[in-house]
Amino acid sequence: GILVDNHMQSSFPNIYAAGDVAEAYDITLGKPAINAIWPVAVEEGRIAGANMTGDPLSYEGSLGMNSLDFFGLPLVSLGVYNAKDIEGQNVEEIYLSKRKDNIYKKLIFKDEFLVGAVLVGDIRESGVFSRIIRERLPCRVMEERMLEDNFGYPDIIEFVQEKERFYV
């Protein structure tokens with residue numbers, strides 16, 4: 001890919017890249033990577049276009065994600081889906097499998113942060129997990145709760161509020 005900075009500019013002045021050709025910051029990997037999916041391309045293109053016209057915007061980084069329905073079985077993957085893809089120590093995968101209900105959850109943590117999730121069968125929490133990953137909420141302390149059926153936004157509100165207090 002074409003390596004770009006947080007303004008989507010290459011190492012050459014006035015040359016920008018976005019979408020499937022751009023190697024931009026990946027939130028979960030903590031380094032540049034290509035996330036060749038439509039929502040990432042749109043956001044990168046918006047940032048590149050703004051910077052080309054003199055409106056200095058910074059790109060926060062991408063999060064790989066995929067969603068599909070396989071013969072009535074929904075699946076979502078967010079961020080890193082294989083712990084072997086993460087460099088360093090303190091990486092762990094935890095699982096929940098309910099075969100009779102066609103439910104499978106895998107959460108991948110690095111240190112105290114969620115960096116990936118795979119949800120099969122019940123994907124209702126995918127928005128919550130996406131927010132946890134994107135905002136780097138230190139929620140490892142509630143890893144078992146995150147595997148439960150009724151996990152949701154009320155469970156993370158204190159982490160969100162703490163982060164907002166820290167950055168304000």
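The values are calculated or read from the model by the stated rules, or taken from the named source; none is laboratory data. Quantities reported herein were computed from a predicted structural model and do not represent experimental measurements. Because the Cβ atoms are built from the backbone with ideal geometry, glycine has one as well, and the counts that use them run over all protein chains shown. The area values use the complete protein model at the heavy-atom level, side chains included, leaving out ligands, DNA and RNA. Shrake-Rupley method; radii C 1.70, N 1.55, O 1.52, S 1.80 Å.
The lone criterion from (1) in contact with a strand residue (DSSP E or B) (Cβ under 9 Å, 6 or more places away or on another chain); (2) open to solvent by 20 Å² or more (accessible area, probe 1.4 Å) left unmet by GLN161 is number (1). At least 1 residues being open to solvent by 20 Å² or more (accessible area, probe 1.4 Å), at pLDDT below 90 and under 14 Å from THR28 (Cβ atoms) is the threshold, and among the strands (runs of 3 or more DSSP E) wholly inside the range 89-152 those reaching it are 91-98. How many residues does the range 51-67 contain that are of a type outside the set (D, E, K, R) and surrounded by fewer than 16 Cβ atoms within 10 Å (Cβ to Cβ)? Final tally of qualifying residues: 8.
One residue stands out in the range 1-20 among those that are under 17 Å from ILE34 (Cβ atoms), touching a residue at least 40 places away in the same chain (Cβ under 8 Å) and of a type outside the set (A, V, I, L, M, F, W, C): the one that is least open to solvent (accessible area, probe 1.4 Å), namely GLN9.
Condition check: touching a helix residue (DSSP H, G or I) at 6+ places or on another chain (Cβ under 9 Å) and either under 19 Å from VAL115 (Cα atoms) or open to solvent by 20 Å² or more (accessible area, probe 1.4 Å) (or both). Does ALA33 satisfy that? The answer is no for ALA33. Taking the conditions exactly as written (assigned to a helix (DSSP H, G or I) and open to solvent by less than 30 Å² (accessible area, probe 1.4 Å)), does ALA24 satisfy them or not? Taking the combined requirement at face value, the residue does not satisfy it.
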